Amino acid sequence: MSLRGAQRRSNLLPLAAGLLKHGTRFDILDFEALPCRQSRPKGGVYHICHCLNIFWEDSCRVAAYRSAIITCMAKYPIFLELGGRRAVVVGGGAVAVRKAASLLEAGARLVVVAFKPSDAMLDLCTRHGAELIRDKYAKQYIAEAVLVIAATDDPTVNEQVYRDCQELEILCNVVDEPRLCDFFVPAVVKRGDLQ
C-alpha cells in the first residue's frame, strides 16, 4: 500500500476513548500496535508521538485532531545540497521570512511567492537578490523546485501547495502541519563557528 493510501486509511481510524492503550503507538503502513516509551508528564497529558505532537490523557482519551496520522516511523536523516538550486517559499509573513532566510544561508536560489509580502520579506529579497513573485499562489510557481515550504496563514492554500508538490514529486514542508510534510526541519543551535 502506498504512503498516501495509508494516510487516507489512517484518517478513518476512530480515535475514541479506550482504543489506545497506555504507551502504544501505531505504524502507519499496517497499523500494528507497537510499544512506545512513555515520556514525562506535561500538563496532565503525555506525548505518544513526538513527531506529530499527539497526546493522550490519563484517561487514555486521545487529545488530538481526528485527521492526525499516528506514527513514530523512522525517518531518514539527510543533509541537502541546495547551492544554486531552486527552493520556493509560499508566504510573506514572519514565519516565511525565517524559512526564506535559512534557505538563503544554505545557498539556495530562493523564490518567494507572496501576494502581500511583509516589509521584512521585501527587505530580505532585495538584499539577497531573491526572486519575489507578488501574486497569489499558483502551481506554475513551484515548477522545477527541489523543495517547497508553505508558510501562509491560509490552510486551504497550504494544502493546495502540498497536493501540487505531491503531483510534481517535489519535497514539501507545510509549517506546523506534520501530516502535510515530506520532511521536517530540525532546530539548529549555533555557538560561534559551531552549529
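Suppose the filter is charged (D, E, K, R) and closer than 15 Å to V175 by Cβ; does D154 pass it? It is true that D154 is charged (D, E, K, R) and closer than 15 Å to V175 by Cβ.
Within segment 121-143, the set of residues being over 23 Å from the mean Cα position of the chain (by Cα) and of a type in the set (S, T, Y) comprises just one member, T126. Between V161, V157, V146, V175, the distinction of being touching a helix residue (DSSP H, G or I) at 6+ places or on another chain (Cβ under 6 Å) and either surrounded by 14 or more Cβ atoms within 10 Å (Cβ to Cβ) or in contact (Cβ under 8 Å) with a residue 24 or more places away in the chain (or both) belongs to V175 only.
Bear in mind these aren't lab numbers, they're just calculated from the coordinates by the rules spelled out. Source: prediction; values computed, not measured. Neighbour counts run over all protein chains shown; Cβ positions are idealised from the backbone, glycine included.
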